[in-house]
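The values are calculated or read from the model by the stated rules, or taken from the named source; none is laboratory data. All values reported here derive from a predicted model rather than from experimental measurement. Note that we place each Cβ from the backbone using ideal geometry, even for glycine, and neighbour counts take in every protein chain shown.
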Amino acid sequence: MPKVALVETKPSRNDWNQLFGGEFSFDQFQLCSDPAIKKVLKRDCDIDIDTSSYDWIILVGSESLKYFTKINSVTEYTGKKVDKKFLPVINPAMLKFKPEAKKTWETSKDNIIKYINGEIQDIVIDDSIAFGITDSKEAEEFIDKAIAYEDDFIALDSETSNLYPRNGYMLGLSLCYDGQTAAYISTDCIDFNGVIEKKLQELFNKKTVIFHNAKFDLAWFEYHFGFNFPNIEDTMLLSYLVNENPGHHGLKSLALKYTPYGDYEKPMYDWIENYKKENRILKADFQWEDIPFDVMKTYAAMDALVTFKVYEKFVKIKENEKLAWVYKNLLLPGTRFLLTTQENGVPFDKMRLIVAQDLMQQNIDEAIKKMYKDFDIEKFEKLNGKPFNPNSTVQLRSLLFDFIGLNPTGKKTGTGQQSTDSEVLNILAEKSELPKHILDIRQKSKIKNTYLDKIIPQLDKDSRLRTSFNLHSTTSGRLSSSGKLNMQQIPRDNPIVKGCITASAGSQIVAMDLTTAEVYVAAKLANDEALMNVFRSGGNFHSTIAKTVFRLPCEAEEVAELYPYKRQAAKAVTFGIMYGAGPHKISQQVTKDSGKYFSVQEASEVIHDYFKSFHKLKDWIAKNQRFIEQNGFVYSFFGRKRRLPNVKSEDKAIRSHTVRSGLNFLVQSTASDINLLGAIDMDKHIKESNMRARIFALVHDSILAEVFNEEIDTYCETLQHFIQKDRGLSISDAPIGCDFEIGDDYSMGKFDKQYGDYMNDSYIQNSG
């Protein structure tokens, strides 16, 4: 019988013998013997174990895993063998609060038992499974076999020198056609007479090509080789349909979970770490092309093989009609659309960016001078013996709470220290001007450091910035942005960054926003005629709502002037109830927005009156609450699935939050998909009609495009048509609202209003 050890972070109440069903005996250890320590650090560890004397060592939780293997994610490796004898597993104590992890725990436990009993055998990955090709003739023969093979599917992957096609070159491509073996073909052996390229295009025309993250690979194959891919599949998007939570869709994670190949890439990453140490290379300076072909080939080829195997596991998802519709009509077309959007690029005015940098630095310097003038910061610096740094949380705590003498809010950081985040500073600003100065400096510094400074060096020669948009990174299905620039987080309060996104000569920036989209969706889903009539009536939406709820003795257009307080209250409830806001939240929101205290009792009365007016909406909310609580999932109108197992949590706060998340998903996801479907249709129309308009971003509920002047009317009319297209969710006589803004830059005139004079003077100076 194998000798087994079990290591947990610190003493616990877990009955490990019972949890593993008494299947094996083991010695039990803790990293730290002191149960009073909340967060166990390496300095706290006093474990005494001879790992060489054990055949298997079960590691409970991320701390234990990291201590012995330097791997951080226990969730990714749970139930899988690491470094020949270590068996990581999640801590089952978390199941009380996260019931969704129950299946993961059960599977991991069963795997550990099988490993110990010798029921799981390692697969040796060698050249018989994954091999490299550097000879053109050998590459041609391999591709011919793939073309002739009876299966209709191949898996394809690329290895590149950079994340962006314009910034690098392709090192090689990986191909698997039989689900058993795979080859990594160096691009060096792709001949210049075009034979292999023609063979590859023949292969791509004949087969359905399976990618993992198709948007990435397609960009490279299309940009560098001009390949076309008539039929594609994407295992990353299929994974997203299985589990909509972000962070679970990497190929390594899926390999560990769904294939027998485990962490097949670890030998290559071990080589990389040794290479960096031996050559004293920083992580940021390491180049992917530094990896020798013989080291790269196995890992690269396995990427294609694993992609093929994962697809075999996921293909049954298409039997679910709802998920299949989302995949076919949203995710795959969305991939093509975002490829075009990313390639179009965000148009920036480089000179304006440079001037904006200088301006923002001046603003920061002026804000710092004003802070020093208004408060004796120099005295504080003398006491501390060093200059004051507004970004230092330690110094800021000392300045605010010790030197100035402000009372802490009670909000703590993860380490138990008094928080100095923006929420805290806004509260403290009611007592002192100093926090206002700090907030001002932080905001301006972030704009300069996070945006202006980073955008300029990443611009392509055409002054466009090509960043990434993602379909699989949010639980709601809304797009996210990452890479060179996060377009979803561009500052709203200050127009300086938006003002640098400018249209080229002869064109304008056109921004289309959905108006009150989520309320519109809720009205239709609830089939609430009273709420739908608000949309049918036209005019100011929130004023009409207030008039209806409070039965105000005036016309809707008079509400804002005569009853601003009630309009604000109605607006807060309209948006709040979609997110499960109660009287306390509504009270806080109205007080904040109106600047006048709005009591909890008043909020309760408004909510009561609101639902009295829109009782079907109330019934719809209650119905879906019950469904979520009973089933632990919900489907959106278009078929996206939101899994909500935490409704079974023992923690009441978690249960309540989970239900609210489900309700929010029903309206937010649907509204977002209306926008995405409209954008996909518009992009297709642009291509088919040879329009020169270029959609370059989707930001929340906005579609941004650069449109030539002579096309603006046609573009706006056509986009509105696609957005308002009846997809089974339109209110009769009241299509969903589209608000168009047109301007020389994305700020729509706000930039010129605030910075125009300075910019004009600076342009003259720089050009002179």
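A quick yes/no check of all residues on (1) in contact with a strand residue (DSSP E or B) (Cβ under 6 Å, 6 or more places away or on another chain); (2) surrounded by fewer than 18 Cβ atoms within 10 Å (Cβ to Cβ); (3) of a type in the set (S, T, N, Q); (4) over 23 Å from Cys500 (Cβ atoms):
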| position | (1), (2), (3), (4) |
| --- | --- |
| Phe696 | yes, no, no, no |
| Glu706 | yes, no, no, no |
| Asp713 | no, yes, no, yes |
| Thr718 | no, no, yes, yes |
| Lys725 | no, yes, no, yes |
| Tyr746 | yes, no, no, no |
| Gln754 | no, yes, yes, no |
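Val40 fails exactly one of the following numbered conditions: (1) touching a residue at least 24 places away in the same chain (Cβ under 8 Å); (2) surrounded by fewer than 13 Cβ atoms within 10 Å (Cβ to Cβ). What is the number of that condition? The single condition Val40 does not satisfy is (2).
For Lys84, only one of the following conditions fails: (1) crowded, with 19+ Cβ neighbours inside 10 Å; (2) out of contact with any helix residue (DSSP H, G or I) (no Cβ under 7 Å at 6 or more places or on another chain); (3) at positive phi. What is its number? All conditions are met except number (1). Screening Gly22 with (1) touching a helix residue (DSSP H, G or I) at 6+ places or on another chain (Cβ under 8 Å); (2) over 21 Å from Val74 (Cβ atoms) gives one miss only, at (1). For segment 475-508, the tally of residues that are part of a helix (DSSP H, G or I) and surrounded by 20 or more Cβ atoms within 10 Å (Cβ to Cβ) stands at 4. Within segment 139-151, is even one residue under 16 Å from Ala300 (Cβ atoms) and touching a strand residue (DSSP E or B) at 6+ places or on another chain (Cβ under 6 Å)? Within segment 139-151, one or more residues are under 16 Å from Ala300 (Cβ atoms) and touching a strand residue (DSSP E or B) at 6+ places or on another chain (Cβ under 6 Å). Looking only at residues in segment 128-153 that are assigned to a loop (DSSP other than H, G, I, E, B) and touching a Ser or Thr at 6+ places or on another chain (Cβ under 8 Å), which one is nearest to Leu171 (Cα to Cα)? By that ranking, first place goes to Thr134. In contact with a helix residue (DSSP H, G or I) (Cβ under 7 Å, 6 or more places away or on another chain), of a type in the set (Phe, Trp, Tyr) and either at pLDDT below 95 or part of a helix (DSSP H, G or I) (or both), is that true of Tyr240? Here the answer is no, as Tyr240 does not meet what is asked. Does Thr259 satisfy being among the β-branched types (Val, Ile, Thr), touching a Phe, Trp or Tyr at 6+ places or on another chain (Cβ under 6 Å) and within 27 Å of Val89 (Cβ to Cβ)? So Thr259 does not fit the description; no.
Return yes or no: is Lys322 modelled with pLDDT of 95 or more, buried (at least 22 other Cβ atoms within 10 Å of the Cβ) and either assigned by TED's automatic domain parsing to the domain that holds Arg727 or among the basic types (Lys, Arg) (or both)?
So Lys322 fails the test.
Checking each residue in segment 524-539 for being buried (at least 20 other Cβ atoms within 10 Å of the Cβ) and in a loop (DSSP other than H, G, I, E, B) picks out only Asp528.
Residues of segment 184-220 that are part of a loop (DSSP other than H, G, I, E, B) and either at pLDDT 95 or above or among the aromatic types (Phe, Trp, Tyr) (or both): Phe192, Lys207, His212, Asn213. Residues being over 24 Å from the mean Cα position of the chain (by Cα), under 20 Å from Val326 (Cβ atoms) and outside the structural domain of Ala93 (by TED's automatic domain parsing) are entirely absent from segment 689-707.
Among the criteria (1) without any contact (Cβ under 8 Å) to a residue 12 or more places away in the chain; (2) on the phi < 0 side of the Ramachandran plot, the one Gly247 does not fulfil is (2).
Note on segment 649-690: residues that are touching an Asp or Glu at 6+ places or on another chain (Cβ under 7 Å) and either β-branched (Val, Ile, Thr) or farther than 21 Å from Asp513 by Cα (or both) total 2. Against the test of being in contact with a Pro (Cβ under 6 Å, 6 or more places away or on another chain) and closer than 18 Å to Gly262 by Cβ, the options Ile123, Ile129, Ile112 yield a single qualifying residue, Ile123. Note on segment 608-665: residues that are out of contact with any Lys or Arg (no Cβ under 8 Å at 6 or more places or on another chain) and hydroxyl-bearing (Ser, Thr, Tyr) amount to 4. Out of curiosity, is Lys370 closer than 30 Å to Cys500 by Cβ, basic (Lys, Arg) and modelled with pLDDT of 85 or more? Here the answer is yes, as Lys370 does meet what is asked. Residues that are aromatic (Phe, Trp, Tyr) and either under 30 Å from Pro99 (Cα atoms) or under 30 Å from the mean Cα position of the chain (by Cα) (or both) number at least 2 in the following helices (runs of 4 or more DSSP H) confined to segment 581-657: 615-631.
Checked against the criteria, Asp55 does not count as in contact with a Ser or Thr (Cβ under 7 Å, 6 or more places away or on another chain) and either modelled with pLDDT of 95 or more or not hydroxyl-bearing (Ser, Thr, Tyr) (or both). Of everything listed in (1) in a helix (DSSP H, G or I); (2) out of contact with any Lys or Arg (no Cβ under 8 Å at 6 or more places or on another chain), the single unmet condition for Tyr223 is (2). When residues in segment 541-560 are screened for being touching a residue at least 12 places away in the same chain (Cβ under 8 Å) and not in a helix (DSSP H, G or I), 1 of them pass. The number of residues in segment 447-465 that are surrounded by 15 or more Cβ atoms within 10 Å (Cβ to Cβ) and not polar (S, T, N, Q) comes to 9.
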